[in-house]
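The values are calculated or read from the model by the stated rules, or taken from the named source; none is laboratory data. Quantities reported herein were computed from a predicted structural model and do not represent experimental measurements. Only protein heavy atoms, including side chains, enter the accessible area calculation; ligands, DNA and RNA are left aside. Shrake-Rupley method; radii C 1.70, N 1.55, O 1.52, S 1.80 Å.
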Amino acid sequence: MAAKILPVVKLATKVSIAGGALYVVYDSGLLGNSVQGSEALGKAKAAVPPAIEEWMKYFGLQAQLPTMPKIEFSPVQGWNSGVRWTISSLSEAPTKANEYTNQGLQYIKDLVK
């Protein structure tokens, strides 16, 4: 009987953890627009070092953490550059396909000679 309940308990635990993680991600704004994502990143940068220090004190660890590197990354700009690259690639696709087809035909003609 216990062997039949164990898989159900495992599944319930996994679903609960996944649901909790999804709730935290949604509540922090990571699933929102790019402005909300930038705000969430700023909050995380501010919250992580104090949390690590508190855990180190709790466990009695004495270690010097390196300083947080200054990262100048804008998710908005990253998103925009990705969209621009994708659109540019799609607009060049017919021309590139034609070029590669011509190169392939020329290669085959050279092999046949």
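Restricting region 1-29 to residues that are open to solvent by 70 Å² or more (accessible area, probe 1.4 Å) and within 15 Å of the chain's Cα centre (by Cα) leaves a set whose member that is modelled with the highest pLDDT is LEU22. Among the residues of region 75-94, is any open to solvent by 80 Å² or more (accessible area, probe 1.4 Å), at pLDDT below 90, outside any helix (DSSP H, G or I) and among the β-branched types (Val, Ile, Thr)? No: zero hits. Residue check: is GLY32 modelled with pLDDT under 80, part of a helix (DSSP H, G or I) and under 26 Å from the mean Cα position of the chain (by Cα)? No.
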